[in-house]
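Remarks on the structure that follows.
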Amino acid sequence: MYAHDNNNRLRHYLRQKALDDEYDFGYEAIDFEQLPEVVRIFNTRKMHAMLQEHERKSNLYRNHQRYLDFLGKTAGFLELALLPESIVDGLAALGEQFPNFSEVIDFYRHQFALARLAGRGAFAANPLLIAGPPGIGKTAFCQALARLVDTHYELISFSGITAGFVLGGMSSGWADGKPGRVVEALARGLRANPLIVMDEMDKVGGDKRYDPLGALYQLLEKETAAQFVDEGLEVATDCSKIVWVGTANDLSLIAEPILSRFTILDVKRPTPRQMENVLSSIYRDIRRGHDWGKEFSEELSPALVRKIISSRLEPRLIKQELITACGKAVIRNAGKRSTANGLYDISPEDFNPRETVNLTKRIVMPIFAVAPVHEEPEETISRWSIREARFDEPNDQSRHVVGYVARKGKGRVSSAIQSFDRDKMRIQTRSGRVYQLEGPPGFDPDAEYVWAHWKTLNQVRDETDVTQEYRLMH
């Protein structure tokens, strides 16, 4: 599907060499089969031009410098993940691990057969929307598929998100304007064809002017995706090689024009017979995924399997309860191994699921867009606190006001704090907006909700409450 001749690999090879200061342009033999299959995704020449055209303190400058750092010496050429020779056997193994995903696996088997007709067979497939009840393993399947083809995996959760910049970026004209998750997945993952999973697409809400799914009208069509312009970069990026998967519980909540761009497959809960394979897969993952896993017997007893299946728990909850059962088995045996080969054995008595909380009627509070600074240059904020957010990059941190704006009746998270007038208890932020801190610091649940979503959207690594530094001193 994405065939590239030796000349393309040679151009990338020489371009990378030219970026290496220690390279002397002598002749050397080139084994083309050892060179990666690459395609140009980012136009680094235009990105460098942006650095020349904008001041260092501007958002656009910072965004482009950050992304050029991500790209390193790739010159914007990213490697294509290729389908392994063992892909047929790999899909068969996925079928055993996820027996209720047989239609989904058949879909990818057909897509990959076509992809291997072209060149070296890049990982490629049409957009797929997996519909079905929660907790049946939709995201777990996608993670396993990404591992099988050795590509970057990006999960974007849409639950409760109302802002359009999640996918398409926020204009650099805004104080916190930055690229969206799509181009970030390309730059960070350094793969031209990552697997991007949009989880719970039916849970988006809020003002349709800021539709989080709006960017998909362009991204899901290869012709337009090849020239996708993220608002935080303002230069075109080739997003046409991305492999898209969406998940949803209720298709009626997704716009028809979006649905029409997907192949839609419905996945049911595993049958009792299929659950035996699912349980084996879950238990293998537990043993492999924890340092203590090797201390437990390799198989679950038939009596325990029957009890788990009869509980009718979702696969996601079964894993949590099985881990708890492992702990109970250790305590029950008082540290003594319960099998002949010196391993712990989980008994049916160890598996006693706790009562689960019904989340199906949860009310999702939307995150509303804030008016431009020129319309609302100053706000009074009460029940406030100051949080310091830290990100993945060294020395990349910022402080924000979190509190309640009574005039709006909503919680608020400010852009990064630029200055603080302790005498007047006024804070100016990067956007230019001024916040008047009213009364003592406090706690507001609506503001905390907004802060939690802000951290998710901006991929905050950790935070510190620094409110004490901003209290009024007498």
Just to verify a number: what accessible area does L313 come out at with the full protein assembly present, 1.4 Å probe, Å² rounded to tens?
30 Å²
Considering the zone a paramagnetic label at K268 would reach in this model (a point 7 Å from Cα along the Cα-to-Cβ line), which residues of the range 284-315 have amide N under 19 Å from it?
309-315
Mind ranking 135-142, 85-92, 442-449 by how tightly packed they are, going by the mean number of other C-beta atoms within 10 angstrom, highest first?
135-142, 442-449, 85-92
Net charge of neighbours whose Cβ lies under 12 Å from the Cβ of Q143, counting Lys and Arg as +1 and Asp and Glu as -1:
-1
Straight distance only, please: which aspartates and glutamates reach the Cα of K410 with their own Cα at less than 17 Å, same-chain residues fewer than 8 apart left out?
D207, E376, E378, E379, E438, D444, D446, E448
Among the aspartates and glutamates, which fall within straight-line cross-link reach of K319, defined as a Cα-Cα distance under 14 Å, with same-chain neighbours fewer than 8 residues apart omitted?
E276, D285, D350
Starting at the first residue of the range 222-232, write each ³J(HN,Hα) from the Karplus equation 6.51 cos²θ - 1.76 cosθ + 1.60 with θ = phi - 60°, in whole Hz, x for Gly and Pro.
4, 5, 7, 5, 5, 10, 6, 9, 6, 5, x
Excluding F42 itself, what net charge comes from residues whose Cβ is under 11 Å from its Cβ, given Lys and Arg +1 and Asp and Glu -1?
+1
Environment charge of I156, counting only residues whose C-beta is closer than 11 Å and scoring Lys/Arg +1, Asp/Glu -1
-3
So if I take the centroid of the Cα atoms in the range 399-443 and the same for the range 83-130, what is the distance between those two points in Å?
51 Å
Work out the charge dipole of the range 51-94 with +1 on the Cβ of Lys and Arg and -1 on the Cβ of Asp and Glu about the Cα centre, then indicate which of L68, S58, A92 is farthest towards its positive end.
S58
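The values are calculated or read from the model by the stated rules, or taken from the named source; none is laboratory data. Small disclaimer: the values here were computed from a predicted structure and weren't measured. Backbone-built Cβ (ideal geometry, glycine too); neighbour counts: all protein chains shown. All accessible areas refer to the heavy atoms of the entire protein, side chains included, with ligands and DNA or RNA removed. Shrake-Rupley method; radii C 1.70, N 1.55, O 1.52, S 1.80 Å.
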